[in-house]
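Peer 1: What follows is a structure written as structure tokens; I'll ask about it next.
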Amino acid sequence: MHAALIQFIVIPVVKIAVILGVVLLVVAYLTFAERKILAYMQVRLGPNRVGPKGWLQPIADGLKLFVKEDLIPAKAEKAVFLLAPAMIMIPALLAFSVIPFAPATKLFGLLPKAIPPYVTDINIALLFVLGISSIGVYGIILGGWSSNNKFSLMGGLRSAAQMVSYEVPMGFAIIAVLLMARSLSLVQIVKAQQAAHLWFFVPGILALGIYFICGVAETNRNPFDLPEAESELVAGFHTEYSGMKFAFFFLAEYTNMLVVSSLATIMFFGGWLRPFPNVAWLSFLGVVPPVIWFAVKVAGFIFVYMWFRGTFPRYRFDQLMQVGWKWLIPLSLANLVIVGAGVLLVKG
Amino acid sequence: MGGPLEPLFDVEEMELSFGPQHPSTHGVLRVMLKLDGEKIMDAKPIIGYLHRGTEKLFETEPFPQCIPHTDRLDYVASATNNQGFVVTMEKLLGITIPPRAAYIRMILAELGRISSHLVWLATHAIDLGAITPFFYNFREREEILDLFEAYCGARLTLNTMRIGGVPFELPDGWVDRCSDFIDRFPAHVDEYEQLLTENRIWKRRTVGVGVISAEEAIEMGLTGPPLRGSGVKWDIRKVFPYDHYDEIDFEIPVGTNGDTYDRYLVRLQEMRQSARIVRQCLDKLPDGPVIAKVPKVLRAPEGMVYASVEAPKGELGYFIVTTPKGTKPYRCHVRPPSFINLQALPEMVQGLLVADLVAVIGTLDIVLGEIDR
Amino acid sequence: MTDEKNTPKPEDQGAAPKSQPEAKPPWLDKPVPPVHVDAMDDPDVTALAAAVEDAVLAADAFAGEVTITIDPAKLIDACRFLKQERGFKFLVDLTAVDWPEREEGRFDVVYWMHRFDDSRRIRVRIIVGEETSVPSVTGVWKTSNWMEREVYDMFGIVFDGHPNLERILLWEGFNGHPLRKDFPVEGIDTGAAVQPDVYPEGGGPLVEEEGGA
Amino acid sequence: MAVAQFFSKLIPTDLFAGLRVTGGYFFKKKETVQFPEQRKEPADRFRGLFGYDVNRCIDCHLCARACPINIIFIRDHAEYEEIDGKKKKKLIVDRYDIDVKRCMFCGLCQEACPTEPKSIWLTTKTYEGANYERNETLYFTKERLMSWDGIRAYPGVVPPDHGHAPGNPTGAKTGGGEAA
């Protein structure tokens, strides 16, 4: 009874609390990282006043948003207006329940037996993440609609079209990985890469490209940041949101970036594995804990995200659809055929 | 299968008030849009939010004191505004200015043109979602403003030309500073081009957007880069050379398709040409006084006179009517290029998407201070 | 701008004759203001006079700019002729001038047009009274649409046949036309909130203030 | 041909060109000036807040006349004093006020000033005129114009009553002068 209590209640709760805390902190600092990285690309310094070198800036931002006046437009659909930020934030956080960022560990011998640090490993984890992240789009649509603002409405509609059409090539790109890994479990995908002596980005370079482009579009980031295109739609779907509700939208965007980057790391770059995990003379790299390897790879993706934001103009709505349907879907299908044939050839 | 299908629901166009407080209306322009989805069925610009009655003010000021007010028309390129007014006044009074003054004026005006085009590129790019060129452009603009500050003491509203010449001699070391900047500048333009010119997203956003043919452009009275982008090789500096532009060798870049992309290319080329003009002016800079001998109190003959300069936005003209022995303009009308260019907006955005509207507003390069006066 | 000046213009500045000490460079001389010259024999004016009967009332050249005064009734015909036959395709500017004391009519409406072939510009002027309306040239040059609206807004001159004659810079319902000479420079009370000038005690402009105008 | 085009579209070299520029700038020196600690020194001709010297002023009202918006208010009275037996008229400036909140810093007053060195000048290298109460604090009287209190100048600038020439706020000797 006692052991069961620990195993099923205490440990998961602790894990959830720790992961939730870490993810929220990381997300908060992602905003700081974005501002810094953009600033550095734009020959300026970025926030550097709050705390040493500006490191307390996210905290100050959070505090500001927390104490800010929380406006609800008079003609807004109140219930939906309140619900929308939650509807986008919760799915984004839920996705982290299945993301394995490190293998089972004894935590430097502190624990009697090795336990996996992630919340859970389910055998349909990928499907779960895809499904959960699709719910996020409702938050945007409902938020845009319930604000009773024309700009918000247009932002919401844009994002609906965008997210629906980019989920298709994303799914196809993921199927290419599934063919190679032969599992939907994220842990198994990482293990498959270890077993194959090869990270999947080598055979799946096209899939990686498609997946990442779709990921950028799914998270409404530049150059696909149409739903909140500030120069056209003021602020898109969250024009009318302020205070903590706005913060939810804002943080959800970064959380989704983190999810997409984590998935890309797991599916194409061997998750927590060190480079060349099976080459013996590189075993000194094993000194670095796996979670650090994972973080470094995710950080790389995040940097690319921000690099894109700092460089590219924005697509137009119809062009975005064209890129999705005319290029990415045929390409991802072609990729599926190629990878499938390859898998058949290699594995027989 | 006869006739169009009856819609199941009532269909109505969405009316969207775009501006005057909107990030990409470049000030306080307001456009009333009729939208079908995101498609623009009708656009109606509403202006006047920045109206200050400058033309009325001119009537109350003696001629030399009108010059600071011209700064505030097109406030991102105030040197050409000053130039337009003083050139008109010199035509009215029959003043010939010393060559050194003319060359200094040309240098200032071309630097102003570069800085105006830099602001245009910065805002145009940010309208289309590219945020980084903004900072690169403003970095170069800052150097130009520093040059202005070293010359006349002001950075934006320069008030740097006088009837009969320019008020100041160039300060020590200014020529070297300026030529150093001008030598470095084309490399910076290359950088902007690397970021945007071949970029497929940029091209898709601009090629074929806001097309206006040469005939239509003339009919609508467009001037400046919007007219040249449609392929009309027309530039006041060449057609009616004022100051000493006839002694300078430069080219008028023109586009072919009259779309947003061509206007973008035209303006980038104009920046390079302006740098070339400044380079030549600095090399040829003659010695001598910087201001002609003009009477302390200017008394104009009776008449009406119009003169124009090629402002960064197009033909900037001043129409001055005087009474006999008048010391003030009886009437001073400004022909603001932005005002007349903006008139073409509804035709250019017809049937495009909302996202294209910001591209077209950006490509017209309007300044509301000049439109509303 | 120095487009084809009729007026005596001093030597070109670039070649300042330094060798002749007695000839002062033009910028040290007293300026020579332009003078009015009759321009009835200008080719464009004669062509216009021949084509549209009784249109040309007067023609005058000043500082190289030809101003043709036209009978308002013949305005559209004259403009159409100038555009189609004489190639003045480009209407550069359209504005008005208020002469409240003048007997012939209170307003000048001024059209300033450009020909691309030889880069020539002429000005057409009509004189209208306060009550008479002016035929709109929007049918001739599209660009005159906003210009006429501005003139209507600022002077209250009504343009007949204008597709959309409403105020452009001021709001609909503004009482008055600001560029008329009888409109006060200080403005009128429009009911809008005005931030009054506040000066510290003993400050502010004096009644007997002599500085400025 | 079409195939080549297809593949050239697939590899976005145009996008990499842009990424190279921004990526390159990531490591370059930054342009930011950390304002309150670092300041860019204004140019010598920089038009900042006003300086005024009542001792040099000959009370000619030319500055007030040159002002396009008439914000210089001068009031004076004449005093007669006997020097060498001759009665000499002397103008005393009672009030010399500038309504700085409306000033557009065109510099025409300084240009109009006939005294040498100028009695009114804007080259004080002072630009921090921000205030909470514009009516009281941005109305400069004679005393305010001649004192330096409450005005933040670029470090190293000598206060305006120190008797330096305009256009040369530090008092150093330079060759270039203004031609106007």
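The values are calculated or read from the model by the stated rules, or taken from the named source; none is laboratory data. From a predicted model like this one, the values you see are computed outputs, not experimental measurements. Cβ coordinates were reconstructed from backbone atoms using ideal geometry, including for glycine residues, and neighbour counts include every protein chain displayed. What goes into the accessible areas is simple: the full protein's heavy atoms, side chains included, and nothing from ligands, DNA or RNA. Shrake-Rupley method; radii C 1.70, N 1.55, O 1.52, S 1.80 Å.
Peer 1: Could you state how much accessible area is buried at the D-C interface, both sides summed, with a 1.4 Å probe, in Å² to the nearest 100?
Peer 2: 1300
Peer 1: Could you report the accessible area of A:V14 in Å², rounded to 10, computed with a 1.4 Å probe on the protein chains as they sit in the structure?
Peer 2: Here the residue's solvent-accessible area equals roughly 80 Å².
Peer 1: With a 10 Å cut-off between alpha carbons and a GNM built on chain A, which of A:A217, A:A195, A:A252 moves the most?
Peer 2: So, out of A:A217, A:A195, A:A252, the one fluctuating most is A:A195.
Peer 1: Through the Karplus equation 6.51 cos²θ - 1.76 cosθ + 1.60, θ set to phi - 60°, convert the phi angles of the stretch B:199-214 into ³J(HN,Hα) values in whole Hz; use x for Gly and Pro.
Peer 2: 4, 5, 5, 4, 5, 5, 6, 10, 5, x, 9, x, 6, 9, 7, 4
Peer 1: Still on this structure: Give the residue from A:A79, A:A295, A:V129 lying farthest towards the positive end of the charge dipole for the stretch A:77-347; charges sit on Cβ (+1 for Lys and Arg, -1 for Asp and Glu) and the dipole is referred to the Cα centre.
Peer 2: Of the listed residues, the answer is A:A295.
Peer 1: Can you list the HN-Hα couplings for the stretch B:323-333, worked out from phi with the Karplus curve (6.51, -1.76, 1.60; θ = phi - 60°), rounded to whole Hz and with x for Gly and Pro?
Peer 2: 9, x, 6, x, 9, 10, x, 6, 8, 10, 9
Peer 1: Moving on. Calculate the translational D of the stretch B:142-255 in whole µm² s⁻¹ from Stokes-Einstein, where the hydrodynamic radius comes from the Kirkwood formula applied to all Cα pairs, the temperature is 4 °C and the viscosity 1.567 mPa s.
Peer 2: 73
Peer 1: If you filter the stretch D:100-148 for chymotrypsin sites (Phe, Trp or Tyr not before Pro), then keep DSSP loop positions with at most 14 other Cβ within 10 Å, what is left?
Peer 2: The qualifying sites are D:Y132.
Peer 1: While we're here: What helices does chain A have that are whole DSSP H segments, at least 20 Å long along their own axis by Cα, and with mean Kyte-Doolittle hydropathy of 1.6 or more?
Peer 2: Membrane-span-like by this rule: A:11-41, A:78-94, A:125-146, A:329-347.
Peer 1: Over all directions, the average projected area of the alpha-carbon convex hull for chain A comes to how many nm²?
Peer 2: Computed as one quarter of the Cα hull surface, the answer is 20.6 nm².
Peer 1: Among C:P184, C:I127, C:L94, flag the residue with its Cα farthest along the positive direction of the charge dipole of chain C, charges on Cβ as +1 for Lys/Arg and -1 for Asp/Glu.
Peer 2: Checking the options against the dipole of chain C, the answer is C:L94.
Peer 1: Enumerate the amide H contacts of C:F90 below 5 Å, restricted to partners 5 or more residues apart or on another chain; note that Pro and chain-start residues carry no placed amide H.
Peer 2: Correct list: C:H114.
Peer 1: With N denoting the number of residues in the stretch A:136-294, provide Rg(C-alpha) divided by 2.2 N^0.38 Å, to two decimal places.
Peer 2: 1.25
Peer 1: Nothing charged except the Cβ atoms of Lys and Arg (+1) and of Asp and Glu (-1): what's the magnitude of the dipole of the stretch B:52-331 about its Cα centre? Round to the nearest 20 debye.
Peer 2: Details: 34 positive and 39 negative charges, 148 e Å.
Result for the stretch B:52-331 is approximately 720 debye, rounded to the nearest 20.
Peer 1: Would you mind telling me which residue in C:L170, C:L28, C:L57 has the biggest mean-square fluctuation in a Gaussian network model of chain C, where springs connect alpha carbons within a distance under 10 angstrom?
Peer 2: C:L28
Peer 1: Here's a follow-up. Could you tell me which of A:A196, B:L227, B:V360 has its Cα farthest along the dipole of the protein assembly as shown towards the positive end, charges placed at Cβ (Lys, Arg +1; Asp, Glu -1), taken about the Cα centre?
Peer 2: A:A196
Peer 1: Right, next: Compare C:P26, C:P200, C:P184 in a GNM of chain C, Cα atoms joined below 10 Å, and give the one with the largest fluctuation.
Peer 2: It is C:P200.
Peer 1: While we're looking at this one, here's another question. Could you list which residues have their amide H under 5 Å from that of C:V134, counting only those 5 or more apart in sequence or on another chain, with H placed in the peptide plane?
Peer 2: Under 5 Å from the amide H of C:V134: C:V158, C:F159, C:D160.
Peer 1: Another question about this same structure. Through the Karplus equation 6.51 cos²θ - 1.76 cosθ + 1.60, θ set to phi - 60°, convert the phi angles of the stretch A:45-51 into ³J(HN,Hα) values in whole Hz; use x for Gly and Pro.
Peer 2: Per residue, the Karplus-derived 3J(HN,Hα) values read 9, x, x, 8, 9, 7, x Hz.
Peer 1: Sticking with this structure for a sec: Let me check I've understood the local charge: for B:H69, count other residues with C-beta under 15 angstrom from its C-beta, Lys and Arg +1, Asp and Glu -1. What total comes out?
Peer 2: Working: positive: B:R52, B:K56, B:R72, B:R162, B:K328, B:R331, B:R373, D:R102; negative: B:E55, B:E59, B:E61, B:D71, B:D74, B:E370, B:D372.
Its environment carries a net charge of +1.
Peer 1: Let me ask something additional. Across peptide A:86-96, what mean number of C-beta atoms from other chains lies inside 10 Å of a residue's C-beta?
Peer 2: Average per residue, whole number: 0.
Peer 1: Please sort through the DSSP H helices of chain B and keep those with an alpha-carbon extent of at least 20 Å along the long axis and a Kyte-Doolittle average not below 0.0.
Peer 2: Within chain B the helices that satisfy the rule are B:78-93, B:99-127.
Peer 1: Can you pull out the trypsin sites (Lys or Arg not before Pro) in the stretch A:100-152 whose DSSP state is coil and whose Cβ has at most 15 other Cβ atoms within 10 Å?
Peer 2: On the way: sites: A:K106, A:K113, A:K150; in loops: A:K106, A:K113.
Counting only loop positions with at most 15 other Cβ atoms within 10 Å, the trypsin sites (Lys or Arg not before Pro) in the stretch A:100-152 are A:K106, A:K113.
Peer 1: For B:358-369, what's the mean count of beta carbons from other chains sitting within 10 Å of each residue's beta carbon?
Peer 2: Across the residues of B:358-369, the mean count of other-chain Cβ atoms within 10 Å is 1.
Peer 1: Something else: Can you give the charge dipole size of the protein assembly as shown about its Cα centre, rounded to the nearest 20 debye, using +1 on the beta carbon of Lys and Arg and -1 on the beta carbon of Asp and Glu?
Peer 2: 5040
Peer 1: Under a plain spin-label model, where a point goes 7 Å from the Cα along Cα-to-Cβ, how far apart in nm are B:E302 and A:A195?
Peer 2: Those two pseudo-labels are separated by 10.3 nm.
Peer 1: At 1.4 Å probe size, with no ligands or nucleic acids counted, give the accessible surface of D:F46 in Å², nearest ten.
Peer 2: Roughly 30 Å² of D:F46 is accessible to a 1.4 Å probe.
Peer 1: Then there is this: Amide H to amide H, which residues 5 or more places from B:D42 or on other chains are under 5 Å from it, using H placed in the peptide plane?
Peer 2: Here B:K34 satisfy the definition.
Peer 1: Also, I was wondering about something else. Looking only at GluC sites (Glu not before Pro) in DSSP loops with at most 16 other Cβ atoms within 10 Å, what is the longest site-free stretch of chain A?
Peer 2: So the longest stretch without any such site is A:78-348.
Peer 1: What Rg and what Dmax come out for chain C when only alpha-carbon atoms are used, in angstroms?
Peer 2: 22.4, 70
Peer 1: At a 1.4 Å probe, what is the % contribution of carbon and sulfur to the accessible area of the protein assembly as shown?
Peer 2: Looking at the protein assembly as shown in its full context, I get 60 percent from C and S.
Peer 1: Still on this structure, I have one more. Filter the cross-link list A:K297/D:K28; B:K91/B:K238; B:K91/B:K328; A:K53/D:K30; B:K56/B:K233 down to pairs whose alpha-carbon distance in this structure exceeds 26 Å.
Peer 2: Going by Cα-Cα distance, B:K56/B:K233 fall outside the 26 Å limit.
Peer 1: Express the accessible area of the protein assembly as shown per residue in Å², computed with a 1.4 Å probe while the remaining protein chains stay in the model.
Peer 2: So the protein assembly as shown comes to 42 Å² accessible per residue, rounded to a whole number.
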